[in-house]
1. So how much slack lies between V39 and L128, counting 0.36 nm per residue of separation and subtracting their Cα-Cα distance, in nm?
2. May I ask for the net charge around G142, where only other residues with Cβ less than 12 Å from the Cβ of G142 are counted and Lys, Arg are +1 while Asp, Glu are -1?
3. For a quick protection proxy, order the peptides 97-103, 146-152 by their average other-Cβ count within 10 Å, most packed first.
4. Under unit Cβ charges (Lys, Arg +1; Asp, Glu -1), what dipole magnitude, rounded to 20 debye, does the range 40-162 have relative to its Cα centre?
Amino acid sequence: MPKSSTKNKTKTQLKAKRATQPETPGITTKKSYWIMLTVFIGILFSVACYLMTFPVEIIVVLTFSMMFLISLIGYVRLTPSNLSKSKRGTFLFVGASVIGFGIWAIIITILIYTTGLATAFVNQLFILTSLIICLTLGAFIGELMGKISRIQNFFFKPKNDL
């Protein structure tokens with residue numbers, strides 16, 4: 001009988017010891033990692049597009065959209081938030097899907113109807129890259145909106161303790 005109590009005691013002590021030890025920070029928690037990743041992907045992507053003989057304008061737009069997306073991911077990873085992961089994800093999703101898509105739709109509509117460039121928009125590469133840039137911009141706006149406490153309280157009402 002005494003052996004089982006000592007086993008339980010050692011198990012709880014091990015669990016308590018594991019809980020008190022802080023996690024070692026990963027490489028993705030360092031700002032230098034995200035800067036180097038963005039620069040490396042930008043250079044690699046530019047060289048690959050150049051070797052595939054893409055026009056310079058397309059290389060610039062594609063590289064910018066990739067670097068912009070990686071920068072947003074790094075920003076979200078590095079900045080602390082007082083929201084839970086699901087609430088922060090909700091703000092990112094709503095920002096990208098509602099705000100980002102809205103910005104993209106307005107820009108495309110204005111360009112098509114004011115300049116008459118409907119045939120220029122057959123280029124799917126332009127449509128895709130502009131959509132990626134606008135969705136990323138919308139997610140960034142959603143992230144910034146999620147940091148405002150009034151907006152947090154409006155969308156996620158605090159629970160009343162009765």
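1. Contour length minus the Cα-Cα distance gives 29.8 nm.
2. Local net charge: +2.
3. The densest-packed peptide leads the list: 97-103, 146-152.
4. Dipole about the Cα centre, nearest 20: 600 debye.
Laboratory data are not the source of any read-out in this text; all were calculated from the coordinates shown. Only a predicted model underlies this, so the values are computations on that prediction, with no experimental measurement involved. Because the Cβ atoms are built from the backbone with ideal geometry, glycine has one as well, and the counts that use them run over all protein chains shown.
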